[in-house]
1. Which whole-number percent of Cα pairs in the stretch 21-188 have a distance greater than 28 Å?
2. Fully extended, how many nm does the chain gain between residue 170 and residue 95 (0.36 nm per residue separation, minus their Cα-Cα distance)?
3. Given a cut-off of 17 Å, what percent of all Cα-Cα pairs of the stretch 35-117 lie beyond it?
4. Taking the simple approach of a point 7 Å from Cα along Cα-to-Cβ for both residue 21 and residue 38, what is their distance in nm?
5. Label points 7 Å out from Cα along the Cβ direction at residue 147 and residue 113: separation in nm?
6. Taking Cα centroids, how far is the stretch 79-118 from the stretch 132-148 in Å?
7. Could you order the peptides 137-148, 98-109 from most to least packed, using the average number of other C-beta atoms within 10 Å per residue?
8. Given 0.36 nm per residue, what is the gain on full extension from residue 70 to residue 127 after removing their alpha carbon distance, in nm?
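What follows is calculated from the coordinates using simple rules that are stated; it is not laboratory data. In this text, all values refer to a predicted model and were calculated from it rather than measured experimentally. All Cβ positions, even for glycine, are placed from backbone atoms using ideal geometry, and neighbour counts span all protein chains on display.
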């Protein structure tokens with residue numbers, strides 16, 4: 001069987017470059033999995049660090065926007081909008097940096113509300129619209145709803161670890177997907193991806 005028949009649909013641009021650098025994807029994926037596991041083990045510290053990073057980003061962004069307002073836009077009405085926006089960013093950023101624990105609790109409450117409302121929305125849509133495999137949407141909505149209720153019922157005590165937990169889980173899944181991508185493209189024969197470079 002020819003390589004093109006064994007691996008259909010491999011005319012994707014850049015596939016040969018992807019196969020050539022599969023090791024980098026594998027290494028990055030492994031690193032993200034390890035960092036995600038560390039984040040899960042230290043979810044409180046991960047939450048505080050991520051909130052502090054968000055606060056400092058707001059501060060720097062506000063300073064840059066205020067400087068831009070004075071530097072470029074002093075002669076028109078947008079000057080005050082940019083200046084006030086920059087000041088607001090800086091003030092909110094300093095409030096976050098000054099009390100990251102309270103910010104984490106507030107963000108956790110927002111996450112719980114988002115999960116509950118998105119879960120209800122998915123369940124209602126799945127029950128109102130008839131389409132194939134809508135049971136998966138109902139399951140997704142139910143999981144979101146139950147997770148949001150669980151977080152909300154334990155709030156504010158869970159406000160210090162939920163964000164770190166979510167970050168760790170996201171890093172692990174992202175890293176695992178990169179590991180699987182690297183291993184998958186490594187198995188593709190060289191002759192199967194050679195035609196894609198010839199067409200570019």
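1. Numbers: 6829 of 14028 pairs.
Value for the stretch 21-188: 49 percent of Cα pairs lie more than 28 Å apart.
2. Value of the extension gain: 24.3 nm.
3. On the way: 1993 of 3403 pairs.
Tail fraction, whole percent: 59.
4. Using points 7 Å along Cα→Cβ, the separation is 2.3 nm.
5. Label-label distance for residue 147 and residue 113, simple model: 1.9 nm.
6. 29 Å
7. On the way: 137-148: 16.4, 98-109: 18.0.
With the highest mean Cβ count within 10 Å placed first, the list reads 98-109, 137-148.
8. Numbers: separation 57, 0.36 × 57 = 20.52 nm, distance 5.44 nm.
Value of the extension gain: 15.1 nm.
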